[in-house]
Amino acid sequence: MRNASHRLATALLLALPLAACNSSANGEAKGNATAAAEQPAPASQPTQTLTSAKGQVRATQVASSLDHPWGLAFLPDGSMLVTERSGQLRRVGTDGAVSAPITGVPKVFATGQGGLLDVVLAPDFASSQRIYLSYAEPGDDGTAGTAVAYGTLADGALADVKVIYRQEPKVDGPNHFGSRLVFDDAGHLFISQGERNKRAMSQELDKLQGKLVRLNLDGSVPQDNPFVGQSGARPEIYSYGHRNMQGMARDPRTGTLWQSEHGPRGGDEINLPQPGRNYGWPVITHGINYSGQPIPEAEGKAKDGMEQPHHLWEKSPGVSGMAFYTGRPESPWNDSLFLGSLAERNLIRLTLDGDKVVGEERLLNEIGERVRDVRVGPDGNVYVVTDEDDGKIWRIEPPKAP
């Protein structure tokens, strides 16, 4: 009996990292009236004073009662578009008022980690009113895959919606869809994805799982993509050997693309992806399976022809959305990179010296919620989205210069 109890306790301990990463991801849509209702501005927006290595910060709860919000994008008037994983796209005012769901959003696979994911404004949004969405798209026989669509935003609706990317082949399973969307200055859209928990697919160039994809803004393939014209390789691929990329941003100082991805149990990474490079999953990894056993395909932590992470966490914080805080020399947070942490339920701030990570701290421990996305607002404050049944948007005011 003692041995059986010991085995049960051990199994529970081994399951904790997985539960920490996926606790909200296993939830479904609320399915009640409040999930779809318009919400008026709250009577007040609660504020807390929190600690940081650089001084006190103010955290203000802008909005609440969101259904596992996932992505955030600022509109020119300072209001926000927010995705809810269960399939709703909403507009949130600076006063915290939450709109009814915007109509015209594509149908999503709202199961497990799947659903409505990232939202970004087109580079020419001022004239086109176009937005891009990434989401888990349902397929036949319970299959699904990451997809991207764009549409024109007007009068509480999306019009002229067009799907410009579909991950192929669609496969079964509820996990590892990615996905973040980032534009460069040359007319390209980068799409981060997951390998759908089908590890070997990350290394298979004829499949799109576990790949960073680069497209033109209309969904066509740039002719200078690294695998264009190569037999047995998808031309959409920019880099490969990725596990589950849930954070991505461009450094405003240099234009360099950064992406973060979940390791298994250990081995969360930041990469600076380069065209045609292999980032190793699952052949090289610093992590193990959630069961405590090795990754079956793993050959070690390094191998010729495979890239090492730019930055690594041996113990997984469950990294998600990311944002640069730069161009503010008066701020103690200048030249920082922020990342959401799902497993540790906080916000990670990395101090940068050029491309080097030279410091790290954890913020928002007092709030204790899963940080899914982080963005820098037009007001110079940091905004975070918490992935909870009662999901929130928080505005974080940086510490003042001494």
3 or more residues under 18 Å from Ala343 (Cβ atoms) and in contact with a strand residue (DSSP E or B) (Cβ under 6 Å, 6 or more places away or on another chain): qualifying strands (runs of 3 or more DSSP E) within segment 219-275: 245-250, 268-271
Among residues of segment 375-402, those that are surrounded by 15 or more Cβ atoms within 10 Å (Cβ to Cβ) and without any contact (Cβ under 8 Å) to a residue 60 or more places away in the chain, counted: 4
Wholly enclosed strands (runs of 3 or more DSSP E) of segment 297-373 bearing at least 2 residues open to solvent by 60 Å² or more (accessible area, probe 1.4 Å) and of a type in the set (Lys, Arg): 356-363
Cross-chain or 6+ apart pairs with Cβ under 6 Å, segment 86-109 first and farther than 18 Å from Leu75 by Cα and β-branched (Val, Ile, Thr), then in a loop (DSSP other than H, G, I, E, B) and open to solvent by less than 30 Å² (accessible area, probe 1.4 Å): Val108/Gly87; Val108/Gly115
Matching residues in segment 174-188 - criterion: being assigned to a loop (DSSP other than H, G, I, E, B) and surrounded by fewer than 18 Cβ atoms within 10 Å (Cβ to Cβ): Asp184, Asp185, Ala186, Gly187
Selection status of Arg214, closer than 25 Å to Arg375 by Cα, touching a helix residue (DSSP H, G or I) at 6+ places or on another chain (Cβ under 9 Å) and of a type in the set (D, E, K, R): no
Those residues of segment 270-291 which are crowded, with 21+ Cβ neighbours inside 10 Å and touching a Phe, Trp or Tyr at 6+ places or on another chain (Cβ under 8 Å), in sequence order: Asn271, Pro273, Tyr279
Residue check for Pro138: within 17 Å of the chain's Cα centre (by Cα) and farther than 23 Å from Met80 by Cβ: no
Residue within segment 55-63 that is surrounded by fewer than 24 Cβ atoms within 10 Å (Cβ to Cβ), in contact (Cβ under 8 Å) with a residue 60 or more places away in the chain, of a type in the set (Val, Ile, Thr) and under 26 Å from Ile164 (Cβ atoms) present: no
Filter result (among the hydrophobic types (A, V, I, L, M, F, W, C) and under 27 Å from Arg250 (Cα atoms)) within segment 159-188: Val161, Val163, Ile164, Phe177, Leu181, Val182, Phe183, Ala186
Any hit, segment 196-211, residues being surrounded by fewer than 22 Cβ atoms within 10 Å (Cβ to Cβ) and closer than 15 Å to Glu137 by Cα: no
Subset tally (residues that are closer than 19 Å to Leu205 by Cα and in contact with a helix residue (DSSP H, G or I) (Cβ under 9 Å, 6 or more places away or on another chain)) for segment 135-168: 0
Where a residue in segment 174-194 is of a type in the set (Val, Ile, Thr) and its partner, wherever it lies, is not in a strand (DSSP E or B), with Cβ under 7 Å and at least six apart: Ile191/Ser179
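Going through Asn381, Asn346 one at a time, which residue ends up being of a type in the set (S, T, N, Q) and under 16 Å from the mean Cα position of the chain (by Cα)?
Among Asn381, Asn346, only Asn346 is of a type in the set (S, T, N, Q) and under 16 Å from the mean Cα position of the chain (by Cα).
The values are calculated or read from the model by the stated rules, or taken from the named source; none is laboratory data. What you see is a predicted model; the values in this text were computed from it and never measured. Positions of Cβ are backbone-derived with ideal geometry, glycine not excepted, and every protein chain shown enters the neighbour counts. Accessible surface is based on the protein model in full, side chains and every heavy atom, while ligands, DNA and RNA are left aside. Shrake-Rupley method; radii C 1.70, N 1.55, O 1.52, S 1.80 Å.
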